[in-house]
């Protein structure tokens, strides 16, 4: 039985449409690949220009100490206040560059009454730039990771390439402490209700808790440079 004219036409049409479909598919793939290449190129350009600059890496005190002992051009910067550096103590070899200063204003920090330390050091980045290179490894440590996170972010935005936030700090956060807000609230309530020893005290985390070397000695080599400048009469 032969093929009818209608079947011949339909068969011819199907054969003729296949190359067109393949060609159309190939064109679509080329367009997608071109777009992907352009996107990758754009990301590369923006990254090079600092738009997608990498943020500070978070590390623990023990990692910071290891870096100081093994990685060249690595420096520890203590961004706490002068009073904390002197009276609470500080890591051996830590350079003092206060991120904020204490004030004479009495206020509240949560439930606590205290003298506020909220006077921002406007010369913070500038003074660090006078001492350290943009390519140095800068380890930023505060009391418990709160101020150091802000200071480290500011240094990255200023163009410093290798900034590390020592997130557990010198004394560590108040005990107990958890990153998850719900878990933190729950266990702090349990610790308070059951009068757990050490509740709401520090030194359960951080540089001191790890047993890393620290001191009260005020070595001029490591003090905030503007404080060492001769005072004008």
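Residue pairs whose Cβ atoms lie under 6 Å apart, sitting 6 or more positions apart in sequence or on different chains, and linking a residue in segment 185-196 that is assigned by TED's automatic domain parsing to the domain that holds residue 173 to a partner that is part of a helix (DSSP H, G or I) and at pLDDT 75 or above, do not occur here.
Quick check on segment 112-126. Is at least one of its residues at pLDDT below 95, surrounded by 18 or more Cβ atoms within 10 Å (Cβ to Cβ) and either over 14 Å from the mean Cα position of the chain (by Cα) or in the same structural domain as residue 196 (by TED's automatic domain parsing) (or both)? Yes; the residues of segment 112-126 include at least one that is at pLDDT below 95, surrounded by 18 or more Cβ atoms within 10 Å (Cβ to Cβ) and either over 14 Å from the mean Cα position of the chain (by Cα) or in the same structural domain as residue 196 (by TED's automatic domain parsing) (or both).
Residues that are touching a residue at least 60 places away in the same chain (Cβ under 8 Å), under 15 Å from residue 125 (Cα atoms) and out of contact with any strand residue (DSSP E or B) (no Cβ under 8 Å at 6 or more places or on another chain) within segment 154-175 comprise 157, 159, listed in sequence order. None of 72, 98 is buried (at least 17 other Cβ atoms within 10 Å of the Cβ) and out of contact with any strand residue (DSSP E or B) (no Cβ under 7 Å at 6 or more places or on another chain) except 98.
The values are calculated or read from the model by the stated rules, or taken from the named source; none is laboratory data. Keep in mind it's a predicted model, so treat the numbers as computed, not measured. Using ideal geometry, Cβ is built from the backbone for each residue, glycine included, and neighbour counts are taken over all protein chains shown.
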